[in-house]
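Asker: Before we start, here is the structure in question, set down as structure tokens.
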Amino acid sequence: MSVNDLFKQELKVVNLGLKSFHTDLKSQGVTAVHVNWKPKAGGKKKMLDLLSKINKVK
Amino acid sequence: MTMRVMKARTIADDLVDFLANNHGCLARVHSTFHHAVNLLIRQDELITLTNQGEIAPMGCMVDGNDIFKQYLRPGDEVILDMDRIVAANGAFSVYLCEAQVWKSEILADLDPRPLDELEQTTHQLTEWLGQQPALGLLPLLAPLTNQGANILQPDNNIYSRYIANDLKDFTDAMLASDWELALSITDRLLGFGMGSTPSCDDFLAANLLVLSLVERLNPGFYPWVGGFCNTVANKAERSTTLISLNMLRHAGNGKMSRSHQRLVQTCLFGDTGDLKHLANQVLQHGATSGGDFLLGLVCALNWYRNSKMDHSKEGEEAWVESMQSQPVSIL
Amino acid sequence: MTLQTSIKRNAYYDSVTLMLLSRELQKLDGVEDVLVGMGTDLNLDLARGLGLATDDFDSLTANDLFIAAKFEEDLISMQKIEEAFLETLNKSTESDGDDDYQPSSLHAAIQAIPGANMVVVSVPGQYAAAEVEDALDAGLHVMLFSDNVSVEDELRLKQKAVEKGLLMMGPDCGTAIINGVPLCFANAVRRGKIGVVGASGTGTQEVTVQIHKLGEGLSQVIGTGGRDLKDQIGGLMMIQGFEALIADSQTDVIVLISKPPAPAVAEKIYRIAKDSPKPVVIDFIGGNRAAIESVGAIACISLEDAAQKAVGILRGQPVTDFTGFSIAEEEIERLVANAAAKLKSDQTELRALFTGGTLADEAMKLLGVNYDIYSNIPLSPEMAIKNLPEGRGHICLDLGEDEFTRGRPHPMIDPQTRTDFFKSHVDGKTGVILVDVVLGFGSHSDPAGAVAASVREIRQRLSNQGKDVVVIASVCGTDLDSQDLHKSVATLEEEGILVMPSNAQAVRLTDRVMQRMIKGV
């Protein structure tokens with residue numbers, strides 16, 4: 001979907017990070033979902049390594 | 001944006017074993033509830049995390065009041081390590097190190113109650129159960145415990161009405177010591193009823209639990225029990241929900257969640273607490289799960305009492321005969 | 001009578017809920033019979049026995065929940081039955097409404113909103129690139145607010161975005177308005193025919209606000225992030241946005257805003273501008289006028305000027321540089337005279353405290369030529385703020401820069417940082433204070449109030465020394481912003497603050513007052 005296609009669509013937003021950005025969008029009636037974002041696997045290196053090893057095997 | 005860290009308060013010993021031998025593996029979320037989540041491991045086995053309710057086989061109780069449904073969706077990945085369980089999406093982790101380990105198997109090395117006490121206990125429990133709201137399969141209490149009541153009452157609900165005759169056939173077969181017939185009747189029971197653990201499965205789980213304990217209490221007297229329990233579990237793979245399948249497997253291995261465990265222990269071995277209080281704890285499970293389990297329990301206790309009386313009547317001969325029984329065939 | 005089955009695959013509900021459900025559904029007007037259960041063979045047998053079977057039964061497995069209903073079509077529909085199902089489900093939850101699944105990942109969120117087309121990323125920098133990559137892979141456009149993303153990552157992600165025809169606005173992109181929707185820090189402006197691509201957050205805000213004030217509107221406002229026009233990135237998003245606006249039927253005039261690009265990058269942009277069928281206004285703040293005009297684009301001398309020229313071109317009017325003021329010279333002279341009269345002879349220093357980076361930049365470009373201004377964004381290295389001799393001299397600070405926002409919110413969000421600087425950096429030698437007041441989404445709920453309170457405190461402090469001070473401000477906001485432009489201006493004026501209609505004019509007025517103070521001119 002190109003940039004010009006985007007201009008013709010209704011904006012539907014996924015917000016990752018600061019909640020206030022999502023609140024502002026909702027206050028304007030924009031379709032938006034806020035992601036309760038956390039670093040993958042808590043950002044802990046050991047977990048991330050495990051996760052990538054497991055995912056490689058799949 | 002920091003990960004929610006929970007601490008495990010209690011962990012089942014079978015889960016500890018699993019993690020020790022399989023650490024660093026991935027589980028997938030099978031189902032989520034407000035205060036519990038089931039994780040799928042291997043082909044069809046479940047691990048349960050919960051912060052309300054109670055500890056169960058392959059279970060772990062954690063602190064806090066979090067709503068698991070907010071963190072996970074079925075299909076999400078969860079990393080299982082030896083000392084912790086971590087949601088791959090980073091929503092939360094559970095630290096296991098300080099948890100108390102709960103023995104999931106009912107101890108069968110205690111002294112069993114003498115028969116007359118067992119009869120009294122069964123009678124007390126049946127009477128108490130008769131006073132509870134007749135939900136699920138409970139309308140069938142009187143006919144199934146041979147109190148002479150008509151099997152089909154007008155106030156039976158649609159489920160109990162439909163299954164009444166099959167359940168009666170099952171309990172009659174058990175009382176007649178025709179375990180092979182009873183086993184074949186389970187085809188007409190498994191997967192039937194309301195709930196993620198259908199009513200008949202709860203009923204059967206109570207039976208399997210008692211059977212497996214009774215077999216351990218009386219080695220050699222019930223050699224068919226192992227095969228019976230395995231077969232029911234195998235049948236369940238095709239005929240009921242995954243959650244129920246896991247419950248039935250555990251029951252066949254003498255394991256069930258703590259309140260059920262304590263109640264059955266009290267019935268068979270005596271004095272681990274107030275009978276009515278423990279029965280009430282079980283009754284609270286689900287909408288009808290507890291009641292259906294209790295119905296199964298009183299039926300199983302009746303069977304056990306009956307069979308013990310048979311055995312003592314027949315004496316040595318019966319013992320020899322059962323030792324020479326056909327080896328159990330696992331269908 | 002109609003028979004229908006609703007199926008929830010792999011659905012598990014606690015049995016209390018299921019029991020409630022059965023009861024509630026049975027009660028519905030028009031429902032003759034209904035069975036809710038797991039799709040085990042025996043449960044389906046029961047359903048068949050009750051005459052509720054439909055063809056859907058064949059696809060049911062033990063782990064699926066079914067609702068088999070027999071109902072009178074005139075009285076109720078399966079849809080209504082499903083609605084009752086959901087209502088009962090929601091009622092039976094223990095806590096109130098906020099039990100809903102809150103996705104913890106981008107992937108889950110995309111599944112939750114079908115048709116999602118934009119991801120706004122403001123997570124910590126070290127995690128941002130991975131999230132942006134996932135978003136682009138999923139075919140979504142990106143607004144990347146986070147900074148502390150490496151140049152290598154920015155390049156790689158922008159190349160991917162260009163390949164897929166997607167926007168990757170950022171990193172460090174604070175302002176965009178896509179399809180009329182303000183994202184992150186942006187003002188409420190009307191829709192219209194002018195399209196903007198900007199590498200500068202508050203610069204973009206100022207231009208859009210001025211366009212709105214002049215009565216025109218914005219088609220699209222695309223951000224690129226502050227580093228886009230450096231050599232390493234090569235203007236990838238500026239070009240992507242520029243070309244999109246050329247192709248956009250709703251855009252008649254295009255405005256480009258940035259600090260001067262690397263020469264090679266500027267060249268690329270000029271080439272596109274040359275072939276553009278639509279007029280292009282280029283504000284490369286302080287950039288090469290001749291080069292811009294040689295390709296037929298229109299050069300600018302300030303952000304306000306860019307807006308004025310865009311509006312002028314749209315209206316088919318002749319365009320000239322806007323160098324002065326929008327109020328009459330006599331009035332300006334009066335303001336300058338009054339201001340200078342307030343000051344004692346030793347009050348000769350400037351304190352310019354900005355929350356918007358590009359607005360600070362504009363001030364530096366205009367004032368830094370005439371005065372030695374120490375700054376954290378100095379025009380030359382020897383004017384860096386750390387070189388300020390014993391705290392004496394003119395100061396202009398961009399309070400949104402990294403060194404001031406470590407562990408603190410950006411001053412546009414929380415005015416406290418500037419309030420602190422008002423206290424610490426203004427004294428008896430200060431003659432003029434220059435500030436910006438930025439309204440709009442993302443900004444504090446009453447930035448004007450915060451400035452007014454600080455000025456009140458300063459004037460009280462200085463009155464003890466028998467002194468006063470001149471405060472000049474501009475408000476970057478519109479009548480549609482929640483902070484209310486008119487109320488904000490009134491709040492400032494009540495404290496005796498001189499409010500000018502644009503940053504450029506505020507800076508020019510500051511220059512006039514300083515000239516009067518220092519040179520008596």
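Asker: Could you tally up the Lys pairs in the stretch B:115-316 with alpha carbons closer than 30 Å? Skip any pair fewer than 8 positions apart unless they're on separate chains.
Answerer: 10
Asker: I'd like the Kirkwood hydrodynamic radius of the stretch C:305-456, using the inverse of the mean 1/r over distinct C-alpha pairs, in Å.
Answerer: About 17.3 Å for the stretch C:305-456.
Asker: Now, a different point. Hand me the chymotrypsin sites (Phe, Trp or Tyr not before Pro) from the stretch C:1-88 located in a DSSP loop with no more than 10 other Cβ atoms within 10 Å, in residue order please.
Answerer: none
Asker: Could you state the principal axis extents of the C-alpha atoms in the protein assembly as shown, from the largest down, to the nearest angstrom?
Answerer: 126, 59, 49
Asker: Let me ask another. Give the relative contact order (percent, whole number) for chain B; include only Cα pairs under 8 Å separated by 6+ residues.
Answerer: 18 percent
Asker: Work out the length of the dipole vector of the stretch B:4-102 about its Cα centre, built from +1 on the beta-carbon of each Lys and Arg and -1 on the beta-carbon of each Asp and Glu, and round it to the nearest 20 debye.
Answerer: Rounded to the nearest 20 debye, it is 360 debye.
Asker: On to the next question. What is the spin-label model distance, in nm, from C:Ser445 to C:Arg334 if the labels are put 7 Å beyond Cα along the C-beta direction?
Answerer: In this crude label model, C:Ser445 to C:Arg334 measures out at 3.8 nm.
Asker: Find, to one decimal place in angstroms, the Kirkwood hydrodynamic radius of chain C, where the mean of 1/r is taken over every pair of different Cα atoms and then inverted.
Answerer: 26.5 Å
Asker: Restricting to Cα atoms and excluding each atom paired with itself, what does the Kirkwood estimate give for chain B in Å?
Answerer: 20.7 Å
Asker: Can you tell me the FRET efficiency between C:Ala112 and C:Lys423 if r is taken as the Cβ-Cβ distance and R0 is 60 Å, rounded to the nearest 0.05?
Answerer: Taking R0 as 60 Å, the efficiency between C:Ala112 and C:Lys423 is 0.80.
Asker: Please work out the C-alpha center-to-center distance from the stretch C:449-521 to the stretch C:106-182 and express it in whole Å.
Answerer: First find each Cα centre; the distance between them is then 38 Å.
Asker: Mind grabbing the base-10 log of I(q)/I(0) for the stretch C:153-192 at q = 0.17 Å⁻¹? Debye formula, identical points on the C-alpha positions, no solvent, two decimal places.
Answerer: -0.55
Asker: Follow-up. If you stretched the chain out fully between B:Asp178 and B:His277, how much longer would it get, using 0.36 nm times the residue separation minus the C-alpha to C-alpha distance?
Answerer: 32.3 nm
Asker: Okay, next question. Which one, B:Phe269, B:Met256, B:Asn156, projects farthest toward the positive side of the charge dipole computed for the stretch B:115-316 from Cβ point charges (K/R +1, D/E -1)?
Answerer: Of the candidates, B:Met256 comes out farthest on the positive side.
Asker: Same structure, new question: Among rounded, prolate and oblate, which fits the stretch B:4-102 when a ≥ b ≥ c are the square roots of the eigenvalues of its C-alpha gyration tensor, a/c under 1.5 means rounded, and a/b larger than b/c means prolate?
Answerer: Taking the square roots of the gyration eigenvalues as a ≥ b ≥ c, the stretch B:4-102 is rounded.
Asker: Right, something else. Under a point-charge model restricted to the Cβ atoms of Lys and Arg (+1) and Asp and Glu (-1), what is the dipole moment magnitude of chain C relative to its Cα centre, in debye to the nearest 20?
Answerer: 2540 debye
Asker: While we're here: For the stretch C:281-392, just run the numbers: alpha carbon Rg, then divide by 2.2 N^0.38 Å, N being how many residues it has.
Answerer: 1.33
Asker: Under 13 Å between alpha carbons, and skipping anything fewer than 8 positions from C:Lys274 in its own chain: which aspartates and glutamates qualify?
Answerer: Within the straight-line limit of under 13 Å, C:Lys274 reaches these aspartates and glutamates: C:Glu243, C:Glu293.
Asker: Oh, and also: Under a straight-distance cross-link criterion of Cα-Cα below 13 Å, which aspartates and glutamates are reachable from A:Lys8, leaving out those fewer than 8 residues away in the same chain?
Answerer: Hits, sequence-local ones excluded: C:Asp248.
Asker: Projected area of the stretch C:135-244, taken from the Cα convex hull and averaged over every viewing direction, in nm²?
Answerer: The number I arrive at for the stretch C:135-244 is 6.3 nm².
None of the figures in this text is laboratory data; all of them are computed from the coordinates on show. As the structure is a computational prediction, the values presented were derived from the model and not from experiment. Every residue, glycine as well, gets a Cβ built from its backbone with ideal geometry; the counts of neighbours run over all protein chains shown.
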